[in-house]
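Just so you know, all these numbers are worked out from the coordinates, no wet-lab data involved. From a predicted model like this one, the values you see are computed outputs, not experimental measurements. Every residue, glycine as well, gets a Cβ built from its backbone with ideal geometry; the counts of neighbours run over all protein chains shown.
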Amino acid sequence: MNTIPPDDKKWQALLAMSAPTFTGDDTPAFGFVTSTLARLKAEKGERDMFERIGLRALFASLVVLVGVVGFSAGLQLQERLDLEPSVNSLAQAEDIPIA
Amino acid sequence: MDAHIDVADCLRRWKQGDESAAEELIRYLHPVISRIVRIHLPRRDHESDVIQEILMKTFSRLHQYKGDAPMSHWVSRLALTTCLDRLRAQKIRPEVRWTDLTPEETEAFDAAWYGSKTPDATDAIHARDLVDKLLSTLPPEDRSLILQVDLEGRSLEEISASTGWGISKIKMRLFRVRTQLRKTMQNLEERS
């Protein structure tokens, strides 16, 4: 026969005695909903702000990146157009058009 | 749709910035969370703060809720995980000695043994404090497991589904927990 050891019975009895303290509340305490909503609103506002800051930072870094790329491309083009002085003077003397 | 409110409608309204939808969700989820927190955390463990923390987590993770199970189930899992995390941060008591008990707790211990009187609300609180002391010697997962079985009356299959543990693992753990509790109770009896 499967019997419950006495100490297990005692544990069960203790649990049964304390059972009312394990029951949850059906309704929140006074002020709980208001404070939770306020916290929720504050956290949502904070998240939105971080999102906005993040988007602005992303946009600003994109603008900087485009600027840097444009500047370096311009420099490269300039370098390609800059000929050696002797070649330049020869081109001028012969009136060779340089594209 | 959950039992009392139209969760999908509430979620849609909350996404559109309707605060009354959030209030409805809070009022709907509060009893579910309150019950889990009261079962799985010791009596004096800042209950209201924990419930609020779980609600904050719920709202910040709403995008993860797929709607394939009732929202109360999804939130229950989140609540239990939060309780376990909180318990993990607390120190596990090596043992409970007779001298650790208050006179009211020793009375509750004897009452449980002899069933000497019909317990009232105060007795229930003292018995709970004693239960919390006994449970504080267990690792968080074991503590949660014994309460799910002995207090909530959940089946091993249900626990297996929520924890992902196999039935034999649960049985093994339960056996270990019961043995440890038995030993603690015996120690208390010998010293009483």
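A few comments on the model shown:
- For B:Lys66, B:Lys169, A:Lys44, order by how many other beta-carbon atoms lie within 10 Å, fewest first: B:Lys66, B:Lys169, A:Lys44
- Across peptide A:23-32, the average count of Cβ atoms from other chains found within 10 Å of a residue's Cβ is 6.
- Spacing of the two label points (7 Å from each Cα toward its C-beta) at B:Ala89 and A:Ala57, in nm: 2.6
- Over 28 Å (Cα to Cα) - which of A:Lys9/B:Lys169; A:Lys9/B:Lys171; B:Lys57/B:Lys183; A:Lys44/B:Lys91; B:Lys133/B:Lys169; A:Lys41/B:Lys133 fall in this group: B:Lys57/B:Lys183; A:Lys44/B:Lys91; A:Lys41/B:Lys133
- Entry for segment B:98-191 at q = 0.15, 0.21, 0.25 Å⁻¹: log10 I(q)/I(0) = -0.66, -1.06, -1.27, Debye formula applied to identical alpha-carbon scatterers, no solvent contribution.
- Ignoring aspartates and glutamates fewer than eight residues from B:Lys66 along the same chain, the ones with Cα atoms less than 17 angstrom from its Cα are B:Asp2, B:Asp6, B:Asp9.
- Anchor A:Lys10: aspartates and glutamates whose Cα lies under 14 Å away (excluding residues fewer than 8 positions away in-chain): B:Glu105, B:Glu107, B:Asp110, B:Asp150, B:Glu189
- For segment B:128-166, applying the loop criterion from DSSP together with a ceiling of 16 other beta carbons within 10 Å to the trypsin sites (Lys or Arg not before Pro) yields B:Arg154.
- Fewest-first sequence of B:Val32, A:Val68, B:Val131 by Cβ atoms within 10 Å of each Cβ: A:Val68, B:Val32, B:Val131
- On Cα atoms only, tilt of B:140-150 relative to the major axis of chain B in degrees: 90
- Taking other C-beta atoms within 10 angstrom as a stand-in for reagent exposure, B:Ser34, B:Ser48 fall in the order B:Ser48, B:Ser34, fewest first.
- Given their separation in residues at 0.36 nm each and the Cα-Cα distance between them, A:Asp95 and A:Phe71 gain 5.5 nm when the chain is fully extended.
- Per-residue average of Cβ from other chains inside 10 Å of B:63-73: 0
- Rounded Å value of the spacing that divides the Cα centres of segment A:22-40 and segment B:122-151: 25
- Residue mean of other protein chain beta carbons inside 10 Å, B:178-188: 3
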